[in-house]
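Below you'll find the structure, written out as structure tokens, and then a few comments.
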Amino acid sequence: MAWFLDTNVCIMHLRGRHPQLGARWKQHRAEDLAIPLTAYAELLVGAEKSSQPERVIGQIELLLEAHEIVEITEEVAEHYARIRADLERRGVTIGGNDLWIAATALAHGATLVTNNTGEFTRVPGLLIEDWTQP
């Protein structure tokens, strides 16, 4: 796995409204793209809050047939602790779930695909790509 998919790009992909993202997605083998467990949880929250939760959960399940979920491990927790401590020392923050997503990508040496570059650029050493940009 070389790329981990953030929640926002998964949502954009499921909605199919961003041709640039769809084109970039298709350039990669499905097994090279994975979804951090925290992003999966965020997708499920969105489904539960939607007016058609069954339909959205079905879309998420189809996405998961093609892409692995990457779980939180002890190594991920160690990365989380280092990232959070560093950000707090520097007086900057990112969202709690974004911390877990970043830690998961760092622990696996993956590039995080996100449209939320403002948050994730604060994490030293995290490789990010925004596939919505040309």
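A short reminder: the numbers here are calculations on the coordinates, not readings from a lab. Model, not experiment: these values are computed from the prediction. We place every Cβ from the backbone using ideal geometry, glycine too, and count neighbours over all the protein chains shown.
Things to note:
- Euclidean distance of C-alpha centroids, the range 86-134 and the range 1-67, integer Å: 18
- Potential extension, residue 17-residue 72 segment - 0.36 nm per residue separation minus Cα distance: 16.8 nm
- On Cα atoms only, tilt of 74-90 relative to the major axis of the chain in degrees: 60
- Footprinting exposure proxy for 9, 76, 92 (fewest neighbouring C-beta atoms within 10 Å first): 92, 76, 9
- Using a Förster distance of 30 Å, the FRET efficiency for residue 88-residue 129 (Cβ separation, nearest 0.05): 0.70
- When the charge dipole of the chain is built from unit charges on Cβ atoms (+1 for Lys and Arg, -1 for Asp and Glu) and taken about the Cα centre, the candidate among 34, 11, 81 whose Cα reaches farthest toward its positive end is 11.
- With neighbour counts taken as other beta-carbon atoms within 10 Å, the residues 28, 79 rank, fewest first, as 28, 79.
- Rounded tilt (10° steps) of 96-108 against the dominant C-alpha axis of the chain: 90
- In the chain, a dipole from Cβ-located charges (positive for Lys and Arg, negative for Asp and Glu) runs towards its positive end, and of 99, 52, 116 it is 116 whose Cα lies farthest in that direction.
- Within the chain, helix-based [θ] at 222 nm, where runs of 4 or more DSSP H residues each add -39,500 (n - 2.57), nearest 500: -17500 deg cm²/dmol
- Residues whose placed amide H lies under 5 Å from that of residue 5, excluding near-sequence neighbours: 34, 35, 113
- Highest average packing first - 43-49, 2-8, Cβ atoms within 10 Å: 2-8, 43-49
- Simple spin-label estimate for residue 81 and residue 64 in nanometres, 7 Å along Cα-Cβ: 2.9
- Taken about its Cα centre, the range 3-129 carries a charge dipole of roughly 560 debye when the Cβ of each Lys and Arg holds +1 and the Cβ of each Asp and Glu holds -1.
- Counting beta carbons within 10 Å around each of 122, 89, 82 and listing the fewest first gives the order 89, 82, 122.
- The chain: angle of helix 37-49 to the longest principal axis, Cα-based, in degrees nearest 10: 50
- The local environment of residue 41, defined by Cβ-Cβ distances under 14 Å, has a net charge of -4 under the rule Lys, Arg +1 and Asp, Glu -1.
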